[in-house]
Amino acid sequence: MSNRVSCEDGVTDTQCGHANGGQVTSLGPEIIQELLVNSHEAKKFAYCPYSKFRVGAALLTHDGKVYLGCNVENACYTLGTCAERTAIQKAVSEGYKEFKAIAVATDVESEFISPCGACRQVMREFGQELEIILTKSDGTYIIKTLHQMLPMSFGPEKLEIK
């Protein structure tokens, strides 16, 4: 896995140290690399006999624990679960509700694949500033915040009754 960063303008820069042509990340390069490797490893366990579209995710909690997830399809298509939600559900089921970052890996080489709308909304349940690392199989990546990917979002604070 390389440390190459693919910036928004399509330029790949190994010296950049952060993604998105200047967006600063709170994650160190070692943590990013660990999440990239783990997301690609998680992808190997994907159960996707129908779409053949493997996805892996590595979710970093605020205290440094990493939870992996992969997509799990079902013959009743709507019952399938995305990798990102699998990782979040695993973490929540063990008591974690504060997350720092998630890396998402697919086999697509031509572009970065982002989480679906349902996954973005599930992520939003736990905050707006989650860093989302989108990676290709060659190790290049970009980083976005959840707020960038889901602006004007609906979250738990909207349900507070006054």
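So here's what we get for this one:
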read-out: Accessible surface ranking that places the most exposed of Tyr47, Tyr141, Tyr77 first, with a 1.4 angstrom probe; value: Tyr77, Tyr47, Tyr141
read-out: Segment 88-153 - percent of accessible surface contributed by carbon and sulfur, probe 1.4 Å; value: 50 percent
read-out: Derived scalar couplings ³J(HN,Hα) [segment 76-89; Karplus, 6.51 cos²θ - 1.76 cosθ + 1.60; whole Hz; x for Gly, Pro]; value: 8, 2, 5, 8, x, 10, 6, 4, 5, 5, 4, 5, 5, 5
read-out: Per residue accessible area of segment 82-125, 1.4 Å probe, in Å²; value: 46 Å²
read-out: Net lengthening on full extension, Glu41/Glu98 (0.36 nm per residue, minus Cα-Cα); value: 18.2 nm
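The values are calculated or read from the model by the stated rules, or taken from the named source; none is laboratory data. Owing to the predicted nature of the structure, the values given are computational and were not obtained by experimental measurement. These accessible areas exclude ligands, DNA and RNA; they are computed on the full protein's heavy atoms, side chains included. Shrake-Rupley method; radii C 1.70, N 1.55, O 1.52, S 1.80 Å.
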